[in-house]
1. Condition first: surrounded by fewer than 20 Cβ atoms within 10 Å (Cβ to Cβ) and under 20 Å from B:Val242 (Cα atoms). Now tell me which residues in region B:354-383 satisfy that.
2. Give the residue, chosen from B:Val131, B:Val167, B:Val163, that is away from every other protein chain (no Cβ under 14 Å), within 22 Å of B:His228 (Cα to Cα) and in contact with a helix residue (DSSP H, G or I) (Cβ under 6 Å, 6 or more places away or on another chain).
3. Going by the conditions given, is B:Ala268 open to solvent by 20 Å² or more (accessible area, probe 1.4 Å), among the aliphatic types (A, V, I, L, M) and out of contact with any strand residue (DSSP E or B) (no Cβ under 6 Å at 6 or more places or on another chain)?
4. For region B:80-98, enumerate the residues that are in a loop (DSSP other than H, G, I, E, B), closer than 27 Å to B:Ser300 by Cβ and in contact with a Ser or Thr (Cβ under 7 Å, 6 or more places away or on another chain).
5. Out of all the residues in region B:302-310, is one or more assigned to a strand (DSSP E or B), surrounded by 14 or more Cβ atoms within 10 Å (Cβ to Cβ) and under 19 Å from the mean Cα position of the chain (by Cα)?
6. Do we have B:Val317 as out of contact with any strand residue (DSSP E or B) (no Cβ under 7 Å at 6 or more places or on another chain), aliphatic (A, V, I, L, M) and under 28 Å from B:Asp73 (Cβ atoms) here?
7. With the condition kept exactly as written, say whether any residue in region B:139-154 is closer than 30 Å to A:Ala51 by Cβ, touching a residue at least 24 places away in the same chain (Cβ under 8 Å) and in a strand (DSSP E or B).
Amino acid sequence: MYRLIGGIVILLALPALADESKLQLKDGAGKELITTYCAVCHSLDYIQINAPFLDRQAWEATINKMINIMGAPVKPEDVPPILDYLSKYYGKP
Amino acid sequence: MLDRRQFVQGTAAMLAACGSSWAPSLVQAQSIAAGAEGLPEGAVEAAILHALPGKRPLLKRTFRPPNYETPLDVFHQAFTPNDAFFVRYHLAVIPEVQAEQWQLTVGGEAVQQPLTLTLRDLKEGFQQVEVAAVCQCAGNRRGLFQPHVPGVQWGYGAMGNAVWRGVRLKEVLHKAGLKPEALEVVCDGADYGVITKTPDFIKSLPVWKALEDTTLIALEMNGAPLPHWNGYPARIVVPGWVGTYWVKQLTALNVSSKPFEGFWMKSAYRIPKGKFPMVDRFISQESDTNTPITEMVVNSLITNITNGQSVESGAAVEVKGIAWDAGYGIQRVAVSTDAGATWRDAALGTDLGRFSWRQWTYRFQAGPRGQQTLMAQATNRVGATQTMSLIGNPAGYHHNVVQQITLIVT
């Protein structure tokens, strides 16, 4: 896939995307919100590798960083279920 | 900096020597396990050997942005092959730059005469120079931090050693002409985030560092054009300083009279003041409590033996490794085969330049049946040494704790 921006040809790394699509997060309430929001900018292995050592407060800080610094357009009402999911399935036991 | 002919001869001899050296298959098989020792459970599960286009299979930490680590067995070689060199990006859109269309703009309020340079301008208008240098991610070994800290959970392989060839950054800056008030050189690459609001990955260098003879705009590594994943067609090379400054797919240099305020300078890549030995300061970016990370700390890696490997009692064992620092030079590597009770010097290999890592070897006879713990500690020429315990810091940088590798003696 090529697209042209500012005179530079951009090749999206399709082979890696195909492998990335095999990544499966744990099933549970809130998972679809993670796929909707987080996977726009990064693969979901970012969540897997940072587990299970972040407590609820640390996951909350991470979500806030993604929204406030990285610009993730997460609706305020979607934050609690995302935090619940990450704490429950990828949080510090 | 090495004379090119001298360097090429040295490299050829070294590569030939490495090619015939001992390459235990055990190490190959244990690559993944070795990279995973001490990592968070989730990072172990997510790690697979996976090849990006043009690369051999590397240890995948994350797919997108791509973060891939070099497996341990590759570090037997003095120079890390381009297709095995680690990959580290913060932002997911990485334009595949076409050489004919690529341009470097040199501007900013603190230059006399803004410039636009093509690849041909860089190749034909400036002296081509080379430097052998280690490129290491600031967060290499972050995954080994206890307690763990968030970020890419790297094992030992977010680093590589290469011969970088290109032009001196200072010559390009002098062509544009620096005004007396020039303070920082702000480097931007072609990569960007999926969302417009994501801070672009832009790094600044203090002018004094940008003007050093060894700071380059590299077009090649190890005698070939840079691979796409390592910054084709041009990247900044700052020997001695951590990889964060080595901006890939370089597109713009802006010289500023004020400290650059971007997220990747003001908030990221910072270490607490006073906790680490540090000679090179980046004063215009310092705050009361923290400072940008600059130089690499002295470090070493045992490359041919992994934790839990078996050896027969009385057998001759050769430990191989590498040691590096920020360019002061490796003074000694001390090895202990009794968990730190006694230490002896390893034999240092050829000096390939002060910014290159240095290979070393140490031979000993395996002790009585049971366990035997190996350790290696490098010291540099300004007296800095690897630490015995972790120096904690929030972002997980500068891990240079002495390794402890347990051999099972049978």
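The values are calculated or read from the model by the stated rules, or taken from the named source; none is laboratory data. What you see is a predicted model, and the numbers here were worked out from it, not measured in a lab. For neighbour counting, all protein chains shown are included, and Cβ atoms are generated from backbone atoms with ideal geometry for every residue, glycine included. The accessibility values were calculated without ligands, DNA or RNA, using every heavy atom of the protein model including side chains. Shrake-Rupley method; radii C 1.70, N 1.55, O 1.52, S 1.80 Å.
1. The initial filter retains those residues of region B:354-383 that are surrounded by fewer than 20 Cβ atoms within 10 Å (Cβ to Cβ), namely B:361, B:363-371, B:373, B:379, B:381-383.
Within region B:354-383, B:Thr379, B:Arg381, B:Val382, B:Gly383 qualify.
2. Numbers: B:Val131 fails: in contact with a helix residue (DSSP H, G or I) (Cβ under 6 Å, 6 or more places away or on another chain); B:Val163 fails: in contact with a helix residue (DSSP H, G or I) (Cβ under 6 Å, 6 or more places away or on another chain).
Only one candidate passes the filter, namely B:Val167.
3. Values: open to solvent by 20 Å² or more (accessible area, probe 1.4 Å): no; among the aliphatic types (A, V, I, L, M): yes; out of contact with any strand residue (DSSP E or B) (no Cβ under 6 Å at 6 or more places or on another chain): yes.
For B:Ala268, the condition - open to solvent by 20 Å² or more (accessible area, probe 1.4 Å), among the aliphatic types (A, V, I, L, M) and out of contact with any strand residue (DSSP E or B) (no Cβ under 6 Å at 6 or more places or on another chain) - is not met.
4. B:Thr80, B:Phe85, B:Phe86
5. Step one: of region B:302-310, the residues assigned to a strand (DSSP E or B) are B:302, B:310.
With the extra rule that they be surrounded by 14 or more Cβ atoms within 10 Å (Cβ to Cβ), the set shrinks to B:302.
Pick out the ones that are also under 19 Å from the mean Cα position of the chain (by Cα) and you get B:302.
Yes, because at least one residue in region B:302-310 is assigned to a strand (DSSP E or B), surrounded by 14 or more Cβ atoms within 10 Å (Cβ to Cβ) and under 19 Å from the mean Cα position of the chain (by Cα).
6. On the way: out of contact with any strand residue (DSSP E or B) (no Cβ under 7 Å at 6 or more places or on another chain): no; aliphatic (A, V, I, L, M): yes; under 28 Å from B:Asp73 (Cβ atoms): yes.
Against the criterion (out of contact with any strand residue (DSSP E or B) (no Cβ under 7 Å at 6 or more places or on another chain), aliphatic (A, V, I, L, M) and under 28 Å from B:Asp73 (Cβ atoms)), B:Val317 does not qualify.
7. There is no residue in region B:139-154 that is closer than 30 Å to A:Ala51 by Cβ, touching a residue at least 24 places away in the same chain (Cβ under 8 Å) and in a strand (DSSP E or B).
Residues checked against (1) within 14 Å of chain A (Cβ to nearest Cβ); (2) open to solvent by less than 10 Å² (accessible area, probe 1.4 Å); (3) assigned to a helix (DSSP H, G or I); (4) of a type in the set (Val, Ile, Thr):
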{"position": "B:Val44", "(1), (2), (3), (4)": "yes, no, yes, yes"}
{"position": "B:Arg61", "(1), (2), (3), (4)": "yes, yes, no, no"}
{"position": "B:Arg64", "(1), (2), (3), (4)": "yes, no, no, no"}
{"position": "B:Tyr68", "(1), (2), (3), (4)": "yes, yes, no, no"}
